[in-house]
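The values are calculated or read from the model by the stated rules, or taken from the named source; none is laboratory data. All values derive from a computational prediction rather than experimental measurement. Counting neighbours? That spans all protein chains shown, and the Cβs are built from the backbone with ideal geometry, glycine included.
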Amino acid sequence: MNAPICAPATPLFPAAVHVVRVSGFELATLLSPLLTLPKPRQAGLRFLRWNGYSEQALVLFFSAPASYTGEDVVEFQLHGNPLLVKRFLEFLGTLGIRLAEPGEFTRRALLNGKQSLLEAEALRDIISAATDTQLRMAQARAGVVPEWVTQAKSCLGPWIARVEAVVDYGEEEGILLKTNEMLLDFQNLQEAFHVEQARSSAARWLRDGIRIALVGRPNAGKSTLFNLLAGEDRAIVTELPGTTRDVLEVRTEWAGLPLFLYDTAGLRDADDPIERLGVARVANVLEQVDLVLHLIPAQDVAPNPDILLRLAPFQAKVLEVRTFGDLAESKSNVVVSALQGDLSALETALKSRFLGPYAPDACLGAMATHRQRELLDELVAQVGLVMDLAPSTPPELYASLLQGMWGLLARITGEDRAESALDQVFSGFCLGK
């Protein structure tokens, strides 16, 4: 981790400009065979010559510790030729500057105290966000330690000190443990953790997206609804049964929900061999998705028994939706009319199922990554154990549980920098970050 590193900070395809980033200590000396660095935080035009190549580059120098990584950082703005960048990186290697691992720039920023692990995770999500909701969620977590974490530490700190005093000095100081005051404090903590756990459950779907398959008999309105949710004509819509013969996929945002939509072939015993292949692929899709919308035209008296049999193994994630609500009445809870653009019942059903009582904006800043949600679940379990302890419990057990809670909070923010956790986070970054 002490070796100087370099990496392209822009994708390597033909473009106007490519940026190469270098981080390490004593870069002025290390790069002296190539150029004289400009003054810190001032752009300088430099002519670079190496191994028969020449390039006119705009160079920026950020001296340690006032840089992204906390080390010296130099950024080269080169002409946007991928081959030129490759040759330049190869030359930097001869100067002892190795190619960075994925996320290594941000990892160094974390280890040098320039940002927290939560900030690093938010940065990763900002880069990978594909919808407006995902982008706003990531930005809401950037540079911010959640208020509930700060409040939990403020509550825990005095009680940890008190418990440690009991462990060290016993009852001679007259220090009592499980008092009404302690119960009230930990009850408030428990309630706060439960709220954040619920918000995090909703935020998970907004961050990762919801995978939804549209299934039903031929001409049930699947492709029409698929196009309406996607906001574009991706699927061919005709009155002929069996028009859709393969699985169509689109990623979109609808009603503030990031969706992966799958339009499938109408479920029936088809004579056409190509249509049969399309129907056979539906089962694989059903296994992978988070929700199956079983579309049934409102004019159908009852669902097709054969389709119900096919969907039986996935019943826990099946939502019945009555289509063509403008042509017939239905007592179903979810009735839509794609022709009239009336999908309000479907929006309500999806948000209730995946977000619970929270609107998308109410999930901004919530713990959304798998790592964060696992630690939050452990916090909920830990505070529950404290609340269930008998008053006569030895103080050593109190001390262990409270220190465990403190450690979980430290792991959430990254103050406890377990290598495995860091590897998990930074493996998802690009080289130049």
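Descriptive notes on the structure:
- Single unsatisfied condition, Trp159 versus (1) under 21 Å from Leu355 (Cα atoms); (2) among the aromatic types (Phe, Trp, Tyr); (3) at pLDDT below 90: (1)
- Among residues of segment 42-52, those that are touching a residue at least 24 places away in the same chain (Cβ under 8 Å) and either surrounded by 13 or more Cβ atoms within 10 Å (Cβ to Cβ) or in contact with a strand residue (DSSP E or B) (Cβ under 8 Å, 6 or more places away or on another chain) (or both), counted: 2
- Only one of the listed residues (Val145, Val167, Val163) is assigned to a loop (DSSP other than H, G, I, E, B) and more than 30 Å from Glu347 (Cα to Cα). That residue is Val145.
- Identity of the residue in segment 302-332, within 34 Å of the chain's Cα centre (by Cα) and of a type in the set (D, E, K, R), that ends up nearest to Glu287 (Cα to Cα): Lys317
- Looking at Ser337, Ser392, just one residue is among the hydroxyl-bearing types (Ser, Thr, Tyr) and surrounded by 15 or more Cβ atoms within 10 Å (Cβ to Cβ), and that residue is Ser337.
- When the residues of segment 1-20 are filtered to those that are of a type in the set (A, V, I, L, M, F, W, C) and part of a strand (DSSP E or B), the one that is nearest to Gly70 (Cα to Cα) is Ile5.
- Residue identified as modelled with pLDDT under 95 and of a type in the set (A, V, I, L, M, F, W, C) among Leu319, Leu350, Leu346, Leu339: Leu339
- You will find that of Leu397, Leu379, Leu308, the residue that is touching a residue at least 12 places away in the same chain (Cβ under 8 Å), surrounded by 13 or more Cβ atoms within 10 Å (Cβ to Cβ) and among the hydrophobic types (A, V, I, L, M, F, W, C) is Leu379 and no other.
- Residues (part of a loop (DSSP other than H, G, I, E, B) and in contact (Cβ under 8 Å) with a residue 60 or more places away in the chain) located in segment 83-124: Leu95, Gly96, Ile97, Ala100, Glu101, Pro102, Gly103, Ser116
- Test: residue in segment 25-39 that is in a strand (DSSP E or B), at pLDDT 95 or above and either crowded, with 19+ Cβ neighbours inside 10 Å or not β-branched (Val, Ile, Thr) (or both): no
- Test: residue in segment 375-385 that is touching a Ser or Thr at 6+ places or on another chain (Cβ under 8 Å) and not acidic (Asp, Glu): yes
- Gln151, sole failed condition from (1) more than 30 Å from Phe61 (Cα to Cα); (2) in contact with a Phe, Trp or Tyr (Cβ under 7 Å, 6 or more places away or on another chain): (2)
- Residues in segment 125-140 that are assigned to a helix (DSSP H, G or I) and either touching a strand residue (DSSP E or B) at 6+ places or on another chain (Cβ under 9 Å) or not charged (D, E, K, R) (or both): 11 in all.
- Residue check for Leu343: within 30 Å of Pro297 (Cα to Cα) and surrounded by 20 or more Cβ atoms within 10 Å (Cβ to Cβ): yes
- Residue within segment 296-309 that is touching a Pro at 6+ places or on another chain (Cβ under 8 Å), in the same structural domain as Gly216 (by TED's automatic domain parsing), of a type outside the set (D, E, K, R) and modelled with pLDDT of 85 or more present: yes
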